[in-house]
1. Say we look at the range 6-32 and pick out the residues that are among the β-branched types (Val, Ile, Thr) and open to solvent by less than 10 Å² (accessible area, probe 1.4 Å); which of these is nearest to Val82 (Cα to Cα)?
2. More than 20 Å from the chain's Cα centre (by Cα) and either open to solvent by less than 70 Å² (accessible area, probe 1.4 Å) or of a type in the set (Lys, Arg) (or both), is that true of Gly313?
3. Given the residues Arg126, Arg65, Arg154, Arg159, which is the only one that is closer than 20 Å to Pro186 by Cβ and either open to solvent by 10 Å² or more (accessible area, probe 1.4 Å) or of a type in the set (Ser, Thr, Tyr) (or both)?
4. Residues being farther than 17 Å from Val76 by Cα and open to solvent by 10 Å² or more (accessible area, probe 1.4 Å): count how many of those fall in the range 50-62.
5. Just checking, which of Val76, Val35, Val91 is crowded, with 20+ Cβ neighbours inside 10 Å, part of a helix (DSSP H, G or I) and of a type in the set (A, V, I, L, M, F, W, C)?
Amino acid sequence: MSDRWLYAWALGSAAFGGASLIVPLYVVSLGGDPVTLGVLAAVAAFVGVPGALAFGGIADRTGKRRGLVVGALALVAAMLAVVPLTRSIPVMIAANAVVWFASAAVLPILTLLAVADAPDNQWSARIARLNTYQGVGWALGLLAGAVWTAGATRILEVRTAQQGFLLACAGCAAVSVLAAARLLPPDPGRSAEPDPRKLRQAIRRAGRFNVRGVTFPFSPARVDPRGLHPRRLAHRFTPALTLYFGAILLVFAGSAAFFAPLPVFLGDAGYGSDGVFVLYLLSSVASALCFDRVGAFAATHDARLVQLAGLLGRALALPVVAVLGAALGVTNVGLVGTAVVFAAIGVTWAVISVTTGTIVTQLAPASIRGEALGAYSALMAFAGGLGSIAGGWLAASSYGLAFAVAGGLVLAGAAVVFLLWYRATAVSEPDRSIA
């Protein structure tokens, strides 16, 4: 099977990457405050997992994967075209929600397309290739936003330049629709359905390149949540897995509480749209450069300790952004310091992204590992919604308070991970002494 269809998804990912930041910036230019951005991000977070469940279920029942992917991308193109044509913030929130509903909906279907007609020993490589095209596309969308806004704002009003880039994102999504309709592989027969257990194993083994989670921390993970059976899972959770899911809730709520009001904070600090895009891109690049290195390191060390180091770094970095913005602003020292902190945030995302799936797999009973990873995906989106609302509400009174709470939530999650590591070490010590 030709992989040319991945270029279509890379184009779609570029549209998503650009939209992830230009929509909040446009809302801010129309008078949106931190609370508004919190609602914008929360709604986008809450629709993610239902989108994956809905489209995944339809794909399973009908087998019409190509049509669903093309339809979802067409929906994205239409919604991104609507945003710059309205000044109604509720309409923008609704259109943005549809964009991220569609984004989450196509991910499980694209994973199935990636492994179609391939022997199962090649699935992990194909999924890794899909992740790479998606990550590169996302980063290129951020790069395009930085270049566009830097150039356009020299000759146009800021809001007009933002509207232009929104239309460019819509156009990119429209081109991806045409490319997908032409290049996507045909729908396989029902007999070609991959074994769910083997597919989940391939997803876990596939290379990580989830840079979208660096600055969009509430999108469903690369696992497929369609096999999620909450009632069955609730009966099968071990105490350690339940505790770790509590840590996930804290960490992703804290991350979302930081990122939801961040565009308006950076704008108030003096960063233009191009500067905000550059900072987000810097985080994504730093994360991308570290995925393989972190994966290799985590493979030879305790994943909980590796994650603990990343969480501690993240807990420190989030409130430091507020300190630098308030104390130094857009000065040479402030720019360098903020750039370094954003790069550090990107590195910590690489650590979290690589190690979380490993830890969930280690803690979950073998019979529900795939479902446990689906629960992780759902919980991440749920935590992102709660954190976004809390971060926007707190930032309305004080950015310092919002970012401190964000860092505190991540720190609390780190404490839970440390407790898990300590308990596991304490249990294994007697075994070593007996041996």
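1. Val23
2. no
3. Arg126
4. Result for the range 50-62: 6.
5. Val76
For (1) part of a helix (DSSP H, G or I); (2) out of contact with any Phe, Trp or Tyr (no Cβ under 6 Å at 6 or more places or on another chain); (3) of a type outside the set (Ser, Thr, Tyr); (4) open to solvent by 10 Å² or more (accessible area, probe 1.4 Å), each residue gets a yes or a no:
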site	(1), (2), (3), (4)
Gly334	yes, yes, yes, no
Ala344	yes, yes, yes, yes
Thr348	yes, yes, no, yes
Val351	yes, yes, yes, yes
Thr356	yes, yes, no, no
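Here's the yes/no breakdown for (1) within 17 Å of Ala402 (Cα to Cα); (2) aromatic (Phe, Trp, Tyr); (3) free of Cβ contacts under 8 Å to residues at least 60 places away in the same chain:
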site: Val323; (1), (2), (3): yes, no, no
site: Asn332; (1), (2), (3): no, no, yes
site: Ala339; (1), (2), (3): no, no, no
site: Val351; (1), (2), (3): no, no, no
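Condition check ((1) within 14 Å of Ser13 (Cα to Cα); (2) of a type outside the set (Gly, Ala, Ser)) across all residues:
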residue: Pro108; (1), (2): no, yes
residue: Thr111; (1), (2): no, yes
residue: Val136; (1), (2): yes, yes
residue: Ala173; (1), (2): yes, no
residue: Ser176; (1), (2): yes, no
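The values are calculated or read from the model by the stated rules, or taken from the named source; none is laboratory data. Only a predicted model underlies this, so the values are computations on that prediction, with no experimental measurement involved. Heads up, the Cβs are rebuilt from the backbone with ideal geometry, glycines too, and the neighbour counts pull from every protein chain shown. Calculation scope for accessible area: heavy atoms of the full protein, side chains included, ligands and nucleic acids excluded. Shrake-Rupley method; radii C 1.70, N 1.55, O 1.52, S 1.80 Å.
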